Amino acid sequence: MAQKKKKKRKLKVGNLLILIALVLVLIGGIGWFVYQNDLTAVQKNSETVSFEVVSGQSAKTVTANLDKAGIIRNGTAALFYAKTSSLGSIKAGNYEIDKSWSTPKILEYLNDAKSAIADAVSVTIVEGDWAKDIATKIAAVTNVSADDLMNLWNDTDYLKGLEADYPFITDDIFQDGIRVKLEGYLAPNTYQFYRTTTAEDITRKILDQSLAVYAQYKDQIQASGYSIHQIYTLASIVQYESGKEADMKMIAGVFYNRLKIDMALQSSVTVCYAIDVEKNGDSWKQCEAAENTDLDSPYNTYKYPGLPIGPIENPGVAALDAVLNPTANDYYYFMADVYGDGTVYYAKTLDEQNANVQKYLK
């Protein structure tokens, strides 16, 4: 009997060890699968983005930055791969990286100093920038003048030639009265340009990014009931009127409520764009004043109901997303506590709006 018990114990112990081994193999297999998946490309479609490696940055910092920028799936997995594949010697410089590349390919690319763009400069287009301000930024670091860019961005023949490559460029931008035809379609992002370049190359690089953004929302735009130009125009107003991304969808909902009943949008920022003042100082405050609301301009949303003739600046992804996915509400007015914490207060009636203004702005 004792021998049988010992055999049974040995069998139980043996089975347990086998089970533990199988579990470890299973966990290891799952872990390996997850790891391999984390090294795959973040997307299938090609999209080139700019990325800078600053001199002295460690592989850990670079992989974390790649992760934060959405260029790779997992910074930790990338760092492990870099260390185990002798790819930790990442070279400083400015790079153009395709988001359809796998992490190993990106790391190999960053380990080759020849991959860095020679004589490159970095320019950041911020959400809400005007076209003329973007042109000024680019002109400051390249051989291309701001006038060259602005002239190109208003060149009807040139822009019509781009319609086949960039479907968000439609005939709506050629309406009489539009100040800058590409206003609204210059996607905010950080770009790498050669110091010696051309206005055409600069424009296409920006529009390539605009196309990548448009592709994300193409189906929603088509289903919205509004034209591409109208969506970008409303997004530009929402961008301007929203101090915080969290407010954008509510504010978009308010504007839609007004559009549904043919109520004037009454956005002061459209008047500022019509006057074309600098976006700072007293001149900006003056353009928002009540005496300018009668200005005869197709951009003036006090004088003319509905959307203005075109975008009033270049909106970011969040603003586009807001106008395509607004928060439904029954408000027709809003105002921000600009002297406080910037909280936006909404109102259903003009009396409620006036009460909010008296409470927070007086």
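The values are calculated or read from the model by the stated rules, or taken from the named source; none is laboratory data. Values in this document were obtained by computation on a predicted structure and should not be read as measured data. Methodologically, a virtual Cβ is constructed for each residue, glycine included, from the backbone with ideal geometry; neighbour enumeration extends over all protein chains shown.
Structural remarks
- So Asp129, is it of a type in the set (D, E, K, R), closer than 21 Å to Pro298 by Cβ, in contact (Cβ under 8 Å) with a residue 40 or more places away in the chain and assigned by TED's automatic domain parsing to the domain that holds Ala274: no
- Helices (runs of 4 or more DSSP H) fully within segment 135-227 counting 2 or more residues that are free of Cβ contacts under 8 Å to residues at least 12 places away in the same chain, assigned by TED's automatic domain parsing to the domain that holds Ser297 and within 23 Å of the chain's Cα centre (by Cα): 199-223
- Residue within segment 51-68 that is in a loop (DSSP other than H, G, I, E, B) and charged (D, E, K, R) present: no
- Test for Ala113: is it aliphatic (A, V, I, L, M) and either touching a residue at least 60 places away in the same chain (Cβ under 8 Å) or buried (at least 19 other Cβ atoms within 10 Å of the Cβ) (or both): no
- Sole exception among (1) at pLDDT 90 or above; (2) surrounded by 17 or more Cβ atoms within 10 Å (Cβ to Cβ); (3) of a type outside the set (Phe, Trp, Tyr); (4) more than 26 Å from Gln216 (Cβ to Cβ) for Ala78, by number: (4)
- Qualifying position, being more than 18 Å from Glu108 (Cα to Cα), at pLDDT 90 or above and loosely packed, with under 14 Cβ neighbours inside 10 Å, among Lys6, Lys68, Lys10, Lys83: Lys68
- Test: residue in segment 345-356 that is surrounded by 13 or more Cβ atoms within 10 Å (Cβ to Cβ) and within 27 Å of the chain's Cα centre (by Cα): yes
- Residue tally, condition over 23 Å from the mean Cα position of the chain (by Cα) and outside any loop (DSSP other than H, G, I, E, B), over segment 303-343: 4
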